[in-house]
Amino acid sequence: MSDFKNTGPALDRMGFGGAPLGDMFAHSDDDHARETLAAAWDSGIRYFDTAPHYGAGLSEQRFGSFLARKPRSEYILSTKVGRVLEPAREPEATGPFVGGLYFKRRMDYSYEGAKQSVHDSLQRMGVGHLDIVYIHDLSPDALGDEWTEHFDTAMSGAAVALTEMREEGLIRGWGLGVNTVEPCLRALDEADPDVFLLATQYHLLNTAGADELFPRCLERNVGVVVGAPFGSGLLAGGDHYMYEKADDEITRTRDRMAAICERHGVDLKAAAMQFSAAHPAVSSIIPGASKPERIPQNRALFDAEIPAELWAEFKREGLLSESAHTPA
């Protein structure tokens, strides 16, 4: 277990990312989602992350339905603000989400929007408090050149609201949930975050998070949760990278890593998970899963023995920098 700022919740080294249960890339049914969450619980996972954006409330609804049967004190739950859901005649399929509930998303980083989003999430999931709330996609990859304007709105709006809710005890900590590093660095300068959910920026194919952000987080005692430790699928044998179809160059790099792993009798997925979790700034990793059988597989991969020579060969081949943190 790892904590942050002394007052924040302790996090499992491996949690559960809820995007796949919001119909990311493919439709899924409620029974299958429940079986997947049950497999996560049975494997000992107690940190669950979701968001209104994931299937326009579908992921949150499924989490709430499952967790309603569990004592609230026995798990950590995080969700996000930045998109307020409004009723719609048809599910709004957008980005990687192909289905969802009958809502449309309205971008809103204001004080009032954050308050409404948290209260809506509490009701969708049927809980009385949240452990962590991330300000979602406050980043150039999601918002383009206008991200700085939205960032200023969030720092004077959503960040203030979340800080108040933290003081009131409605939430236990807050931060950003983003796919780029720069917003986190700015948040450290301008606010008092507890933890960042950084997706796609710290895994075997991209270690950008470790360059400047991770050292600053260690100085401030701010936790880091690594999302998408498989690079959104490529390192797990899929064909998506950074939530899009992987190009040939990055796929060839993945294949070189896989060949080295095979020579050492190691599954690339095990190397990917353990590498992302090894940095001292990282509190938790949250690989997603849409199939129940994947959960015990992930747990076994996370605990698998990996010889030190594998990491040394990655570095000799230029696949990792000499300074990269690798598992002991």
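The values are calculated or read from the model by the stated rules, or taken from the named source; none is laboratory data. Keep in mind the model is a prediction, meaning the values are calculated, not measured. So basically every Cβ, Gly included, is an ideal-geometry build from the backbone, and we count neighbours across all protein chains shown. All accessible areas refer to the heavy atoms of the entire protein, side chains included, with ligands and DNA or RNA removed. Shrake-Rupley method; radii C 1.70, N 1.55, O 1.52, S 1.80 Å.
Anything in the stretch 161-187 that is under 19 Å from the mean Cα position of the chain (by Cα) and open to solvent by less than 10 Å² (accessible area, probe 1.4 Å)? List them, or say none.
Leu162, Ile171, Gly173, Trp174, Gly175, Leu176, Gly177, Val178, Pro183, Cys184, Ala187
The set of residues in the stretch 77-94 that are in a loop (DSSP other than H, G, I, E, B) and open to solvent by 10 Å² or more (accessible area, probe 1.4 Å) comprises Ala88, Arg89, Glu90, Pro91, Glu92, Ala93.
For the condition touching a Lys or Arg at 6+ places or on another chain (Cβ under 8 Å) and within 17 Å of Asp23 (Cβ to Cβ), what is the one hit in Gly128, Gly64, Gly95, Gly100? Write out each step before concluding.
Details: Gly128 fails: within 17 Å of Asp23 (Cβ to Cβ); Gly95 fails: touching a Lys or Arg at 6+ places or on another chain (Cβ under 8 Å); Gly100 fails: touching a Lys or Arg at 6+ places or on another chain (Cβ under 8 Å).
Only one candidate qualifies: Gly64.
Somewhere in the stretch 205-224, is a residue out of contact with any Pro (no Cβ under 7 Å at 6 or more places or on another chain), open to solvent by less than 10 Å² (accessible area, probe 1.4 Å), at pLDDT below 95 and of a type outside the set (A, V, I, L, M, F, W, C)? Checked against the condition, which is being out of contact with any Pro (no Cβ under 7 Å at 6 or more places or on another chain), open to solvent by less than 10 Å² (accessible area, probe 1.4 Å), at pLDDT below 95 and of a type outside the set (A, V, I, L, M, F, W, C), the stretch 205-224 yields no hits at all. Taking (1) farther than 16 Å from Leu268 by Cβ; (2) open to solvent by 10 Å² or more (accessible area, probe 1.4 Å); (3) outside any helix (DSSP H, G or I) in turn, Gly238 satisfies each apart from (1). Residues considered: Lys291, Lys245. Of these, the only one that is farther than 19 Å from Ala40 by Cα and exposed (fewer than 14 other Cβ atoms within 10 Å of the Cβ) is Lys245. Glu322: farther than 17 Å from Gly17 by Cα, at pLDDT 95 or above, open to solvent by less than 30 Å² (accessible area, probe 1.4 Å) and of a type in the set (D, E, K, R), yes or no? It is false that Glu322 is farther than 17 Å from Gly17 by Cα, at pLDDT 95 or above, open to solvent by less than 30 Å² (accessible area, probe 1.4 Å) and of a type in the set (D, E, K, R). Looking at the structure I just gave you, is Glu35 open to solvent by 10 Å² or more (accessible area, probe 1.4 Å), within 15 Å of Pro296 (Cα to Cα), modelled with pLDDT of 95 or more and of a type in the set (Asp, Glu)? Against the criterion (open to solvent by 10 Å² or more (accessible area, probe 1.4 Å), within 15 Å of Pro296 (Cα to Cα), modelled with pLDDT of 95 or more and of a type in the set (Asp, Glu)), Glu35 qualifies. Ile135 meets each of the listed conditions (1) within 21 Å of Val226 (Cα to Cα); (2) part of a loop (DSSP other than H, G, I, E, B) apart from (2). Restricting attention to the stretch 40-58, the residues that are open to solvent by less than 20 Å² (accessible area, probe 1.4 Å) and not aromatic (Phe, Trp, Tyr) total 10.
One residue stands out in the stretch 107-140 among those that are among the acidic types (Asp, Glu) and under 30 Å from Ala10 (Cβ atoms): the one that is least open to solvent (accessible area, probe 1.4 Å), namely Asp131.
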